[in-house]
Amino acid sequence: MRNIKLTIEYDGKRYLGWQRLGDSGKTIQGKIESILTQMTGEKIEIIGSGRTDGGTHARGQVANFKTDSTMTREEMLHFLNQFLPRDIVITKVEEMPERFHARYNCTGKQYSYYVWNSPIPTALERNHSFHVSQPLDFEKMNEACEKLIGTHDFIGFSALKKTKKSTVRTIHELTIQQEGSMVHFTFSGDGFLHKMVRIMMGTLLEIGTGKLPVTIIDEIFENKVRANAGETVPSHGLFLDAVFYE
């Protein structure tokens, strides 16, 4: 069988998230599998690099599936983009070795989070950014970013209750860029726990608005208590930019 890798862009506003929920057509995975099954005449199940929450967007989600189809990659690309909803686009179709696995072979990911920082909200960017009307202290937020970079146990920055799996992750880069009222946060790391980016973002914003001190980062790493971190920011400001493989 052929092993096909898809790179996927989507606007998550209308969807309950990536993961298929029973026969629900309100997930990204469910929509793509439905069209792939129609395209190949086979019952197709795709493997994603990981889940994204309802409302989260993607520029570079990755998935793979197995098929006996003889269609060319170009034919697959054309068919998928012809029949998928306009808010889901396949940007690349690649033929991969048999053992390639979109989730298990992943070595890292990059996420972006967008904040509209102005007393006046935005109509055009409202579905792709989180509105914060209070002024932000960028010096304190950058100081907090430096503390988050590196290898730490991020259980206190996650929605996980208990898990037998390791909650140690490495953040390679965390940057803040401001373009007018739009503030762009970029997170790159070897992996992220459930809601980890959104909780880190909530913590950074509460540091930026003076609700929390910069030292709260050290305290959370030490005591591992989720309640000490900031609020979980809404998913509509979050984008999965890229998934990395060796």
Checklist entry - Which of the trypsin sites (Lys or Arg not before Pro) across the range 84-163 are loop residues per DSSP, with 16 or fewer other Cβ within 10 Å? => result Arg86, Arg99, Arg103, Arg126, Lys161, Lys162
Checklist entry - Given N residues in the range 143-246, what is Rg(Cα) / (2.2 N^0.38 Å)? => result 1.03
Next on the checklist: Leaving out ligands and nucleic acids, and using a 1.4 Å probe, what accessible area per residue does the chain come to in Å²?
Outcome noted: 51 Å²
Checklist entry - For Lys224, which lysines qualify as cross-link partners when the Cα separation must be under 16 Å and same-chain residues fewer than eight apart are set aside? => result Lys147, Lys161, Lys162, Lys164, Lys165, Lys195
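Given an 8 Å cut-off on Cα distances and at least 6 residues of separation, report the relative contact order of the chain as a percent.
After rounding, I find 24 percent.
Taking only DSSP H segments of four or more residues, each worth -39500 (n - 2.57), what value at 222 nm results for the chain once the sum is divided by all its residues, to the nearest 500 deg cm²/dmol?
Only helices count here, giving -7000 deg cm²/dmol.
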Item to check | Label zone at Met1, where the point sits 7 Å out along the Cα-to-Cβ direction: the range 66-100 residues whose backbone N lies under 13 Å | outcome: 66-69, 98-100
Checklist entry - Any idea how far the Cα center of the range 102-177 sits from the one of the range 1-65, in Å? => result 24 Å
Checklist entry - Per the 1.4 Å probe, what fraction of the accessible area of the chain, in percent, lies on carbon and sulfur atoms? => result 48 percent
Checklist entry - Can you list the HN-Hα couplings for the range 91-99, worked out from phi with the Karplus curve (6.51, -1.76, 1.60; θ = phi - 60°), rounded to whole Hz and with x for Gly and Pro? => result 8, 7, 10, 10, 8, 10, x, 4, 8
Checklist entry - Taking the Cβ of Ile47 as the center, what net charge do the other residues with Cβ under 12 Å away carry, scoring Lys and Arg +1 and Asp and Glu -1? => result +3
Checklist outcome for this item: note: the range 1-42, Cα-Cα separations exceeding 12 Å make up a percent value of 64 percent
Item to check | Sparse-neighbourhood loop sites, chymotrypsin sites (Phe, Trp or Tyr not before Pro) in the range 63-154 - DSSP loop, at most 13 other Cβ within 10 angstrom | outcome: Tyr104
Item to check | Filtered GluC sites (Glu not before Pro), the range 9-90: DSSP coil and at most 15 other beta carbons within 10 Å | outcome: Glu42, Glu45
Next on the checklist: Can you tell me the mean projection area, over all orientations, of the convex hull of the range 1-138's alpha carbons? Units nm², please.
Outcome noted: 10.0 nm²
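The values are calculated or read from the model by the stated rules, or taken from the named source; none is laboratory data. Computed from a predicted structure; not experimentally measured. Please note: Cβ atoms are built from the backbone with ideal geometry, for glycine as well, and neighbour counts cover all protein chains shown. Protein only, heavy atoms only, side chains kept; ligands, DNA and RNA dropped before computing areas. Shrake-Rupley method; radii C 1.70, N 1.55, O 1.52, S 1.80 Å.
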